[in-house]
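Report on the structure given below.
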Amino acid sequence: TQLLEQSPQFLSIQEGENLTVYCNSSSVFSSLQWYRQEPGEGPVLLVTVVTGGEVKKLKRLTFQFGDARKDSSLHITAAQPGDTGLYLCAGFNSGGSNYKLTFGKGTLLTVNP
Amino acid sequence: GAGVSQSPRYKVAKRGQDVALRCDPISGHVSLFWYQQALGQGPEFLTYFQNEAQLDKSGLPSDRFFAERPEGSVSTLKIQRTQQEDSAVYLCASSSRGRGNEQFFGPGTRLTVL
């Protein structure tokens, strides 16, 4: 079983602060995705990273895929209350099925105004 | 509708009852997935359909869980003789491509078994 460990599990910060959350595994993934989930809703895809070392930016969010494709990070600059939510990383197995997503437990982010 | 819809949104069942959860995927989406999300956890894969064919049911926790998609669109997840450990949010997702790389999730059904 391929596991994705996310850290920290909980994060509470003030508006305007920067933060980084991490997603780590001992296994190689063919690609990693980041989702945000709000209470009572399903996860919404933010980004997919495919190439080792890849960096993608989405407004104030920066996503990085590790060189070995075993880990990823999400950095948020100048966090806003609207960024509050559960951030989940999920990966497709390398060499395995190309449809089965393995999710981490998530990082619950609270941005206080 | 434009997105994936699920019904009911909330379901309370007494232990031992059977329940049926419905998923309406985005029109035309080939792939459909069911996930189980326990409190404080990430979603866990249950089963995968491509059109009407159930290609992977390896994540179903026991033979009390059964899923179908008879016409390749709407899907139903049925849980027989519910138990307290079945309490969770059940998420449905659909994708337009067989590989399922971009999955669109519904809002989920929160099942509480008393």
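Here are a few things to note about the model shown:
- Remark: mean inter-chain Cβ contacts per residue of A:99-107 equal 6, using a 10 Å Cβ-Cβ cutoff to other protein chain atoms.
- Cα pair distances exceeding 20 angstrom across the protein assembly as shown, given as percent: 59 percent
- Taken over the Cα atoms of chain B, the convex hull encloses 92 Å³ per residue.
- Spacing of the modelled spin labels on A:ARG60 and A:THR20, each 7 Å from Cα toward Cβ, amounts to 1.9 nm.
- Estimated from the Cβ-Cβ distance and a Förster radius of 45 angstrom, the FRET efficiency linking B:GLN80 and A:THR77 is about 0.35.
- Over 20 Å between alpha carbons, listed pairs A:LYS105/B:LYS57; A:LYS70/B:LYS57; A:LYS70/A:LYS105; A:LYS105/B:LYS14; A:LYS70/A:LYS100; A:LYS57/A:LYS100: A:LYS105/B:LYS57; A:LYS70/B:LYS57; A:LYS105/B:LYS14; A:LYS57/A:LYS100
- Two-site FRET efficiency, A:THR110 against B:GLU68, from Cβ-Cβ distance with R₀ of 41 Å, rounded to 0.05: 0.55
- Estimated translational diffusion coefficient (Stokes-Einstein, Kirkwood radius over Cα pairs, 25 °C, 0.890 mPa s) of chain A: 175 µm² per second.
- Peptides ranked, highest mean first, by Cβ atoms within 10 Å: ranges B:35-43, B:58-66: B:35-43, B:58-66
Where a number appears in this text, it was derived from the coordinates with a stated rule and is not lab data. Because the structure is a prediction, the values reported are computed rather than measured. So basically every Cβ, Gly included, is an ideal-geometry build from the backbone, and we count neighbours across all protein chains shown.
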